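Worksheet for the structure shown next.
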Amino acid sequence: MSRLPAIVSSEGYVPGVNEPEQMICQYLHMTSSMGCSWFGCDVSTFSLPLLMLQLSMIFIVSHTTFFLLKPLRQSILSCQLIGCIVFIWFVRLDNHLLNKLFPESGKLVLDTVASFGFMLHVFVVGVQIDTNILKSVHGHMVLIGCMSFFLPYAVCILCIVPLPNLIELDELSLHTLPFVAALTSMTTFPAVTSTLSDLNLLNSDLGRLSCSTALVTDSCSYITTLALTTIGVALERSEWKALTNIFYIICFLFTICFIVRPFILWMAKRIPEGQQIKESQFVMVLVAVLLCGFLSECLGQNASFGGFTMGICVPDGPPFGSAMVNRVDWMATSILVPAKFAICAFKVNLRSLGGDNALASAITEVVITIAYLVKFMSNFLLAMYFNVSSQDAFHFAMIMCTKGIIDVAAFSLIRSNRVVTEQGYSLLILNMLLVTGSTRFLLWHFYDPSARYQSYKRTSILDSEPDDYLRMVVCIHNEDNVPSIINLLQASNPSRHQPIEVITMNLLQLEGRASAILVPSSEVKKIPSAQTRVFQVGNAFNYFRQRNRNSVVVEHFVSMAPYRTMHEDIFTISINKCANIIIVPFHKCWGIDGTIDATFPGIRSVNLKLMEKTPCSIGILVDRGQIGGPKSVLTRRTEVFHITQLFLGGEDDREALAFSCRMAQHPYVSLLVVVLRPANADVDQTPDMLHEKRLDNEMIDRFRMECKGRDIFIQQEVVNDGIQTVHLLRAMEEGCDLFIVGRAHSLSGSKLTHGLSERPQCPELGRIGDLLASSEFQFSILVVQTQLLERIDYECEQIVFGK
């Protein structure tokens with residue numbers, strides 16, 4: 001092996017167009033070490049080993065920072081930037097270590113790789129954007145979005161114009177201030193959706209307003225920036241060629257929208273439902289991303305612009321969008337994007353804020369503060385003007401001030417082009433971290449979207465009139481839930497005297513898109529991957545409606561949201577429709593042999609949050625085949641469907657009995673109500689227990705009166721503890737098709753469960769429900785929970801369905 005040079009690279013300054021520029025020279029063979037470590041050579045002097053070392057260290061530092069700052073609810077991207085700034089600051093303390101880990105030649109390679117990763121990340125962001133969101137942007141959102149950018153920018157410009165006459169400021173700092181004002185005034189759509197997603201607010205009313213408004217603001221800021229930069233260059237250099245680039249950019253966008261996008265949509269439609277995209281299709285799109293990035297550079301734009309526009313062309317959601325996100329995002333976001341933050345961190349110099357630059361730094365900070373304050377107040381006041389509550393308007397204004405990786409990349413780009421000064425760039429980064437970090441922390445601790453459900457009027461089955469519509473929201477996670485839920489509806493005895501209004505909700509997990517969807521099924525074309533399922537489910541419920549003509553009304557809705565916030569959409573529909581009860585399937589499915597066939601943790605998380613904050617009554621249906629299989633109500637014409645209810649006392653049991661009372665009216669339903677009483681029930685009775693006992697007795701008497709002449713049986717049983725209760729349940733198993741029980745019980749009734757498991761496997765079912773859902777029993781179960789609190793009247797608010 002030939003002797004390696006002692007100097008692997010050199011750098012210096014050469015004359016540039018406007019000022020001296022740095023030039024780096026490196027030996028061609030210094031890419032891979034090729035085993036030179038065997039001869040005592042330093043491997044880190046070669047480009048490839050050094051790049052891998054840099055990426056590894058940046059990854060470790062950024063994710064360690066995320067772990068440490070997790071209690072403060074900071075985003076992974078903010079933590080990556082903070083970690084890189086701190087890491088680079090420590091490295092700069094030792095010049096030898098700085099030159100070892102981040103030599104100028106190494107930073108050049110790292111910057112190239114980071115820019116490529118950023119382009120892929122922005123492509124993924126574009127894939128996740130639903131273009132149909134533009135159709136749901138209303139006039140007031142356009143106004144708020146435009147004013148969110150133009151008003152703070154205009155106010156800052158008015159403050160900057162008289163500055164030269166008031167104070168003595170160098171020309172470079174004065175030239176920086178308008179760009180600082182513009183960058184502070186903009187709001188990017190990905191930053192807002194990332195904040196909303198991390199805080200579980202994506203499909204709340206506040207989230208939908210913020211997403212639509214941020215999209216408008218993002219468009220305004222980009223168009224304004226494009227116009228100002230091209231016109232500015234043309235005026236400064238007296239060269240109008242820059243203006244022709246706008247025409248070419250428009251042609252580029254036209255080609256993307258009307259040629260490339262239809263072709264990709266055609267490819268997506270050819271993918272059979274339930275199957276993944278082909279490898280050739282994935283590679284074709286990825287190559288198109290690279291070509292779009294290249295063309296963007298040719299048009300004077302950043303490569304990320306081409307990646308983003310190409311991402312818009314790819315249909316969001318499964319199978320195409322989700323596949324692209326899953327394959328590209330992990331590498332771009334986890335490995336390469338932190339390198340972009342490291343490059344941005346190198347440009348942050350806190351020492352530049354003091355000394356001779358103190359006055360310029362102070363003026364820049366004042367401009368940034370004014371921009372944030374005006375931006376916040378404009379969003380807050382306009383939101384209140386359009387009838388948004390003061391609390392939601394305040395939180396909305398906070399969200400519109402957040403920033404993300406797109407903003408950081410814009411800061412870094414203009415700093416690289418020397419459009420802003422070093423202190424201006426540093427202040428932009430520091431203020432962004434402060435405002436965005438504090439906003440996320442405050443929103444997490446003080447904003448609760450479920451607060452609006454706490455003033456909802458009581459619409460439980462027990463409080464509704466007997467001849468009024470029974471409004472039921474039924475949740476469908478997959479096609480297997482349909483037969484059991486339809487037969488439960490049929491068992492509820494829909495008739496002209498007791499009609500039923502059914503609101504079906506097809507629930508889909510959010511995949512490959514940035515914003516949630518809540519739409520009527522007539523607009524399911526917004527979710528191409530769900531069209532077949534929604535059509536089949538709709539046909540099944542429409543057939544049920546036709547069988548019960550003039551007694552059943554059916555409406556269909558589709559929700560695509562993350563499991564952690566899916567309950568918000570269910571609550572929204574329940575409030576809008578003034579529902580009496582929500583029916584949700586249990587998260588476990590049983591096979592033909594009686595064993596557990598599948599478990600869905602995501603469904604369970606939805607059920608737990610529904611139980612915790614439900615605005616109406618809720619029932620969890622544990623289907624073992626009796627209610628949805630061959631023994632269902634729909635298939636019986638001579639054979640009786642046997643329902644058993646266990647009544648221990650309490651609000652939930654009374655609500656369950658009110659539901660059973662409607663079922664008892666069905667001609668093919670036989671109902672057995674087993675009333676359990678504790679031994680020595682009259683001993684140590686508190687006033688609350690006496691009140692509950694009186695309400696229980698009144699409910700049972702009401703049940704006897706309304707179901708007089710029907711096939712019902714009331715059986716009184718006295719037990720001492722939970723052991724005797726279990727024996728009684730096992731004795732009732734034979735001949736039972738559906739078992740109904742309340743989730744919680746009165747204080748006296750809780751004595752009857754004493755001795756059962758203190759740590760149930762499924763606490764959402766209650767102690768009795770958890771026991772019945774075990775493998776020892778074979779009948780289906782309906783666990784009912786009534787509204788949790790006494791709530792004052794609440795006027796059902798109008799819901800605008802859409803993104």
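The values are calculated or read from the model by the stated rules, or taken from the named source; none is laboratory data. Just so you know, these numbers come straight off a predicted model, no measurement behind them. Reconstructed Cβ throughout: ideal geometry from the backbone, glycine too, with neighbour counts over all protein chains shown. With ligands, DNA and RNA removed, areas are computed over all heavy atoms of the protein, side chains included. Shrake-Rupley method; radii C 1.70, N 1.55, O 1.52, S 1.80 Å.
Against the definition (under 25 Å from residue 81 (Cβ atoms), at pLDDT below 85 and either of a type in the set (Lys, Arg) or not in a helix (DSSP H, G or I) (or both)), how does residue 275 come out, yes or no? It is false that residue 275 is under 25 Å from residue 81 (Cβ atoms), at pLDDT below 85 and either of a type in the set (Lys, Arg) or not in a helix (DSSP H, G or I) (or both).
Only one entry in 317, 300, 321, 311 is open to solvent by less than 20 Å² (accessible area, probe 1.4 Å) and within 18 Å of residue 115 (Cα to Cα), namely 311.
If only residues of segment 494-523 that are open to solvent by less than 20 Å² (accessible area, probe 1.4 Å) and more than 20 Å from residue 204 (Cβ to Cβ) are counted, the one that is modelled with the lowest pLDDT is 512. Scan segment 287-296 and give yes if some residue there is out of contact with any helix residue (DSSP H, G or I) (no Cβ under 7 Å at 6 or more places or on another chain) and either open to solvent by less than 30 Å² (accessible area, probe 1.4 Å) or closer than 17 Å to residue 325 by Cβ (or both), otherwise no. The answer is no; no qualifying residue exists. Residues that are buried (at least 23 other Cβ atoms within 10 Å of the Cβ), over 23 Å from residue 139 (Cβ atoms) and out of contact with any Asp or Glu (no Cβ under 8 Å at 6 or more places or on another chain) within segment 180-190 comprise 180, 181, 184, 190, listed in sequence order. Does residue 724 qualify as being modelled with pLDDT of 75 or more and not β-branched (Val, Ile, Thr)? Judged against the criteria, residue 724 is a match.
Among the residues in segment 531-542, are any assigned to a helix (DSSP H, G or I), at pLDDT 85 or above, closer than 18 Å to residue 471 by Cα and in contact with a Pro (Cβ under 7 Å, 6 or more places away or on another chain)? Within segment 531-542, none of the residues are assigned to a helix (DSSP H, G or I), at pLDDT 85 or above, closer than 18 Å to residue 471 by Cα and in contact with a Pro (Cβ under 7 Å, 6 or more places away or on another chain). When we screen 589, 578 for residues that are farther than 30 Å from residue 468 by Cα, outside any helix (DSSP H, G or I) and touching a residue at least 60 places away in the same chain (Cβ under 8 Å), the only hit is 589.
Out of the residues in segment 549-571 that are touching a Pro at 6+ places or on another chain (Cβ under 8 Å) and among the aliphatic types (A, V, I, L, M), state the one that is most open to solvent (accessible area, probe 1.4 Å). Here the answer is 553.
If you take the residues in segment 191-210 that are modelled with pLDDT of 85 or more and of a type outside the set (Gly, Ala, Ser), which one is surrounded by the most Cβ atoms within 10 Å (Cβ to Cβ)? Here the residue is 192.
Scanning segment 126-162 for residues that are open to solvent by 20 Å² or more (accessible area, probe 1.4 Å), more than 19 Å from residue 374 (Cα to Cα) and part of a helix (DSSP H, G or I) yields 131, 132, 134, 135, 139.
Residues that are touching a residue at least 60 places away in the same chain (Cβ under 8 Å), closer than 30 Å to residue 738 by Cα and open to solvent by 10 Å² or more (accessible area, probe 1.4 Å) number at least 1 in the following helices (runs of 4 or more DSSP H) confined to segment 396-492: 481-491. Residues that are touching a Lys or Arg at 6+ places or on another chain (Cβ under 9 Å) and modelled with pLDDT under 85 within segment 680-705 comprise 681, 685, 696, listed in sequence order.
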